[in-house]
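We did not get these values from a lab; they are worked out from the coordinates using the rules stated. As the structure is a computational prediction, the values presented were derived from the model and not from experiment. Ideal geometry is used to build each Cβ from the backbone, glycine not excepted, and the neighbour counts take in all protein chains shown.
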């Protein structure tokens with residue numbers, strides 16, 4: 001008996017899954033009482049719960065959790081647990097670095113091995129995109145993730161916790177969305193077929 005085709009999640013729901021937990025993290029950090037460390041611990045706990053909810057919602061909605069969401073969620077739970085156990089903010093602050101580096105390495109390996117790993121990760125999100133288009137998009141995202149990993153390391157090691165948390169929401173997310181938008185002309189040139197180019201998906205924010 002043939003299995004039913006996987007239901008595609010809407011762009012709005014996908015953005016909620018990818019960005020919602022981070023918005024909650026920032027909101028709790030901003031509103032919770034106490035010192036910077038106490039607020040970060042509360043925000044980290046909320047972040048962990050929100051990631052579990054996002055993954056559960058994705059499974060409930062489309063019976064699927066993307067590989068990138070699995071990776072991001074696993075790192076949030078592991079590094080978040082270490083943050084809470086040791087009361088050491090470095091673990092959760094390094095989480096974006098690990099996510100970005102892992103994605104960059106995986107995509108770089110795919111280029112080297114001539115395997116369309118980004119296409120496998122994003123599934124049918126880019127209908128009609130040619131082989132060259134996938135290769136160019138993979139190169140672009142691999143370099144972007146590498147740059148974002150370096151930026152996160154510089155910011156969390158040199159700036160306050162408040163600045164780092166604000167950068168995650170007001171810096172990293174807009175930069176990721178802007179970078180995705182800047183790729184649209186190239187994608188359309190190489191065969192991308194979407195009813196609305198604004199619906200081009202972006203990988204989860206680190």
Legend entry - Approximate spin-label separation residue 160-residue 82, in nm, with each point projected 7 Å along Cα-to-Cβ: 2.7
Inset, instruction - Mind jotting down the distance between the C-alpha centroids of segment 88-114 and segment 157-182, whole Å? - result: 16
Legend entry - By average C-beta atoms within 10 angstrom, highest first, the peptides 97-106, 128-137: 97-106, 128-137
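Rg/Rh for segment 33-132 to two decimals, with Rh computed the Kirkwood way over all alpha-carbon pairs. Display every interim value, and only then the final one.
Values: Rg = 16.7 Å, Rh = 15.4 Å.
Taking Rg over the Kirkwood Rh, I get 1.08.
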Legend entry - Scattering curve values for segment 93-146, log₁₀ I(q)/I(0), Debye with Cα scatterers, q = 0.20, 0.25 Å⁻¹: -0.67, -0.95
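First measure r as the distance between the Cβ atoms of residue 57 and residue 31, then evaluate 1/(1 + (r/R0)^6) with R0 = 22 Å and state the FRET efficiency to the nearest 0.05.
Details: r = 23 Å, r/R0 = 1.06.
Taking R0 as 22 Å, the efficiency between residue 57 and residue 31 is 0.40.
Would you calculate, for the chain, the mean residue ellipticity at 222 nm contributed by helices, counting each DSSP H stretch of 4 or more residues as -39,500 (n - 2.57) and dividing by all residues, to the nearest 500? Walk me through the intermediate numbers first.
Details: 9 runs with 149 residues, N = 206.
After summing the helix terms and dividing by the residues of the chain, the value is -24000 deg cm²/dmol.
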Legend entry - Kirkwood hydrodynamic radius (C-alpha pairs) into Stokes-Einstein, the chain, 10 °C and 1.306 mPa s, D in µm²/s: 89
